[in-house]
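Visitor: Pasting a structure here, questions to come.
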Amino acid sequence: MKYYIIAGEASGDLHGSNLIKELKNINPSSTFRCWGGDLMKSQCNKLVMHYEDFSYMGFLEVIVNAKKILSYISLCKKDIEEYNPDVIIYIDYPGFNMKIAEWAKTKKLKNHFYISPKVWVWKEHRVKKIKKVVDKMYVILPFEKDFYKNKHNYNVDFVGHPLLDAIDDKKEFSKQKFISENKLSSKPVIALLPGSRNQEIIKLLPIMLDVVSNFNDYQIVIAGAPNKTINYYEKIILSNKDSRSSIKVICNQTYDILRISSAAIVTSGTATLETALFKVPQVVCYKTSMISYLIGRLLIRNLKYISLVNIILDKHVVKELIQNNCNKDNLVFELQKILNKGERSLMLKEYELLHKKLGGKGASKKTAELISKYSKN
């Protein structure tokens, strides 16, 4: 089998790499050509483009870079046509992926979508196009199957959330060894997870760093993205007026950082769910350009929450600081709250319910088996 897989961000890269492993287990002779990141690169035959080079976040940013994005779409179409895959697998990233899927359908190529676009949040009209161009959809959130079936008469497969597999890694972990190897102090850790894209890191990390001087009894550790260097973060730290030499940057080890953390400040996205599954109390942040934010407010009317934790549980469990509310004073206040034993216990109790709702382990394996089964029909 020849697979072409497209992911446009760090979480998609993680889930794409695990999916490739499972597809290889089913058919070791399969070949893979991909758009993604370093993890997918380590598993596929050829990484055509790294998500860092073609992924943009925010309405304004997409508009400003429209010409580049269109050139990447053209490049992707040409590359798919030359490779002529048996199946194209799209991993989330709908703005780019749906354009490719629509074109691929005209070429009679098989379109499989792993991790649904968040059409239950906004652009619900996209479901009509999804039904026309996507042959199989694999959803990872418990309410999505009913959403598609009951509201749109479209059968999809619920496979569970792939993060449960990624986090259930059975590798040996020694807290003391990790602390020693990374030259951390004996103080409890507050983790900063500023995201993986340049835009979100530049917007949010300086605000996160503003809280440092208020938590001298804690060690501040920045969870660096796998596609970034320590030097990249250190430049931002040095430019911050409250920066401290005690701030540590550890790249590509986010899960191990969460294993030792007492609390975290997290950029909205998949990382909020990862943090919850590691049972770390958190404050969620989101900030983009004002134009992108205002456009989003106009288009997204039915979304009560922005973090996956709150969305899945359909209640306010983790504090969300959005746009102007994402500032030093609010961050300090909310972080102090979740470091309090009582608030911490309440949040951890809700995390247990979240874990149960996600459908159990084996999402990557289930998805690979379904893709293999449907591809033979």
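The values are calculated or read from the model by the stated rules, or taken from the named source; none is laboratory data. Keep in mind that this is a model prediction, so the values were computed, not measured. Methodologically, a virtual Cβ is constructed for each residue, glycine included, from the backbone with ideal geometry; neighbour enumeration extends over all protein chains shown.
Visitor: Just one of (1) modelled with pLDDT of 95 or more; (2) touching an Asp or Glu at 6+ places or on another chain (Cβ under 8 Å) trips up Glu320, so point out which.
Guide: For Glu320, the exception is condition (2).
Visitor: For residues that are of a type in the set (Gly, Ala, Ser) and buried (at least 16 other Cβ atoms within 10 Å of the Cβ), scanning just the stretch 359-377, find the one that is farthest from Leu163 (Cα to Cα).
Guide: Ser375
Visitor: Let me confirm something: among Lys228, Lys171, which residue is buried (at least 16 other Cβ atoms within 10 Å of the Cβ), under 23 Å from the mean Cα position of the chain (by Cα), part of a loop (DSSP other than H, G, I, E, B) and among the basic types (Lys, Arg)?
Guide: Going through Lys228, Lys171 in turn, the sole match is Lys228.
Visitor: Take the residues of the stretch 134-168 that are under 18 Å from the mean Cα position of the chain (by Cα) and assigned to a loop (DSSP other than H, G, I, E, B): which is modelled with the lowest pLDDT?
Guide: Asp168
Visitor: Then there is this: With outside the structural domain of Met98 (by TED's automatic domain parsing) and among the basic types (Lys, Arg) as the only criterion, which of Lys123, Lys187, Lys128 stands out?
Guide: Exactly one of Lys123, Lys187, Lys128 is outside the structural domain of Met98 (by TED's automatic domain parsing) and among the basic types (Lys, Arg), namely Lys187.
Visitor: So, one more: Which count do you get for residues in the stretch 2-43 that are at pLDDT below 95 and in a loop (DSSP other than H, G, I, E, B)?
Guide: 3
Visitor: Among (1) more than 23 Å from Glu274 (Cα to Cα); (2) assigned to a helix (DSSP H, G or I); (3) in contact with a strand residue (DSSP E or B) (Cβ under 9 Å, 6 or more places away or on another chain), which single condition is Lys99 missing?
Guide: All conditions pass for Lys99, except number (3).
Visitor: Residues to consider are Lys77, Lys123, Lys107; find the one that is surrounded by fewer than 20 Cβ atoms within 10 Å (Cβ to Cβ) and either in contact with a strand residue (DSSP E or B) (Cβ under 6 Å, 6 or more places away or on another chain) or at pLDDT below 95 (or both).
Guide: None of the other options fit; the residue is Lys123.
Visitor: Give me the pairs: first residue in the stretch 137-153 and farther than 17 Å from Tyr90 by Cβ, second residue aliphatic (A, V, I, L, M) and assigned to a helix (DSSP H, G or I), beta-carbon distance under 6 Å, and six or more apart or on different chains, which are they?
Guide: Pairs that qualify, where the first residue is farther than 17 Å from Tyr90 by Cβ and the partner is aliphatic (A, V, I, L, M) and assigned to a helix (DSSP H, G or I), are His152/Val127.
Visitor: Here's a follow-up. Failed condition for Lys131, given (1) touching a Lys or Arg at 6+ places or on another chain (Cβ under 7 Å); (2) part of a helix (DSSP H, G or I), with all others met?
Guide: (1)
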